[in-house]
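The values are calculated or read from the model by the stated rules, or taken from the named source; none is laboratory data. From a predicted model like this one, the values you see are computed outputs, not experimental measurements. Glycine also receives a Cβ, built like all others from the backbone with ideal geometry; neighbour counts cover every protein chain displayed. Areas reflect the complete protein model, heavy atoms only, side chains present, ligands, DNA and RNA absent. Shrake-Rupley method; radii C 1.70, N 1.55, O 1.52, S 1.80 Å.
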Amino acid sequence: MKKIILGSLLALSIAVPALAHPPITVYVDQQEVVFADQAPVIVDDRTLVPMRKIFEAMDADVTWDEPSQTITSTRGSDVVTMTIGEKQVYKNGKVVYTMDVPAQIMQDRTMVPIRAVAVAFDANVAWDGINYVIDITTDGTTSGNYSKQIHADDGTLLATVSLTYSPFTSNSTAADKINKNIYDQMSQKASVMAERLELAATAAYTKNPDSFQPYYYMGTYQAKGEGSDFASVVLEERTFMGGTETKTLSANTYNMKNGSDAALTDIVTDSEKELETLMEKGFSALIDQNPDAFYSDAKDRLSKNLDEVGFYLDNNAVVFYLNSGIIAPESAGIIAFSVPR
């Protein structure tokens, strides 16, 4: 590992012996995808799938350019390109994902990591590490997601509670453990938030039904920075209980070898003092760039609230963030900056 202050982190890698496993079955919107010649495979702990077959099952058009070894897939107004041997996934001309294992050709078929499929067209991918089943949904849902609407006795919508999770897709014991824990957290949070919103919304609607606006809680869990060493799960929450909507961000980072929680000092060699200096400089630079967006005493608030700074891993960067209301008004949203890994 290297000091993050010096520029980047060195990703850890270990050789993982190949183990026998059942055939991998793939479903797209509950329809099984049949592979005539090249089945999905596992390479360096990443599940690779035939790109053309999967994208066509998602109603995308696929073309191949032999000279550049580039495959282009179009779905609606989105154009996704990947090149053999390269790790970048381009969507509408911009890099949207960097693969741990690059696109490659097997049995004359272009194979890509399943996570690239998810990013390419905003699909959700669930991996069943016990039965070796991949479930791809293109409508934004995944198994285990939660949605509930609460109505008054007269049928009026009082509140909506919704939680979703885009899970880790590597076929590892650690990823399976983390995914299960997140789904358990979702179930508990959904129960708590549904009860809380029902009580509050019922009281507000009973008091003033003519001006009542339905309450809501929207929670989105997303796996980020999935690698062989560490990865994060980020929770974005939006809550409306009258007045103005509140937005909060929280994150947990995990050791992808055993599924345990990981602190930033487990990932980099910087001391806590060096990390505090980095965070203070990073947020201070944001304040200097646009002082009108922050409180007039934002830097004083920052120095007193460095313990409120959170972090998560995202592709090749460490993202540091502060929730709104700490150094800037609620309207400013989440304040964040990133440092290359």
Checklist (1) in a helix (DSSP H, G or I); (2) open to solvent by 60 Å² or more (accessible area, probe 1.4 Å); (3) out of contact with any Gly (no Cβ under 6 Å at 6 or more places or on another chain); (4) not hydroxyl-bearing (S, T, Y) applied to K177, failing item: (3)
Going by what's in this entry, would A190 be described as open to solvent by 10 Å² or more (accessible area, probe 1.4 Å), among the hydrophobic types (A, V, I, L, M, F, W, C) and either assigned to a strand (DSSP E or B) or touching a strand residue (DSSP E or B) at 6+ places or on another chain (Cβ under 8 Å) (or both)? no
Regarding region 302-324, can at least one residue be identified that is within 22 Å of Y254 (Cα to Cα), open to solvent by less than 40 Å² (accessible area, probe 1.4 Å) and of a type in the set (G, A, S)? yes
Condition first: in contact (Cβ under 8 Å) with a residue 40 or more places away in the chain, of a type in the set (V, I, T) and open to solvent by 40 Å² or more (accessible area, probe 1.4 Å). Can you find one or more residues in region 330-341 that meet it? yes
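Every residue, every condition in (1) modelled with pLDDT of 85 or more; (2) assigned to a loop (DSSP other than H, G, I, E, B); (3) open to solvent by less than 50 Å² (accessible area, probe 1.4 Å), yes or no:
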site: I130; (1), (2), (3): no, yes, no
site: I134; (1), (2), (3): no, no, yes
site: T141; (1), (2), (3): no, yes, no
site: K148; (1), (2), (3): no, no, no
site: G155; (1), (2), (3): yes, yes, yes
site: V161; (1), (2), (3): yes, no, yes
site: T164; (1), (2), (3): no, no, yes
site: T169; (1), (2), (3): no, yes, yes
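Restricting to region 98-123, what's the tally of residues that are modelled with pLDDT under 85 and assigned to a strand (DSSP E or B)?
So the answer is 1.
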Is there any pair with a first residue in region 113-131 that is at positive phi and acidic (D, E) and a second that is surrounded by fewer than 23 Cβ atoms within 10 Å (Cβ to Cβ) and modelled with pLDDT of 75 or more whose Cβ atoms are under 9 Å apart and which are 6 or more apart or on different chains, and what are they? D122/D78; D122/T138
May I ask you to list the residues in region 40-73 that are among the hydrophobic types (A, V, I, L, M, F, W, C) and either surrounded by fewer than 17 Cβ atoms within 10 Å (Cβ to Cβ) or part of a strand (DSSP E or B) (or both)? V41, I42, V43, L48, V49, V62, W64, I71
Please list, ordered by first then second residue, the pairs with beta carbon atoms under 7 Å, 6 or more apart or interchain, first in region 54-74 and closer than 21 Å to I114 by Cβ, second assigned to a helix (DSSP H, G or I) and open to solvent by 50 Å² or more (accessible area, probe 1.4 Å). V62/R52; V62/E56
Quick one: what pairs do we get from region 206-220, first residue farther than 30 Å from S250 by Cα and at pLDDT 95 or above, second among the aliphatic types (A, V, I, L, M) and in a loop (DSSP other than H, G, I, E, B), C-beta under 9 Å, 6+ apart or different chains? T206/A152
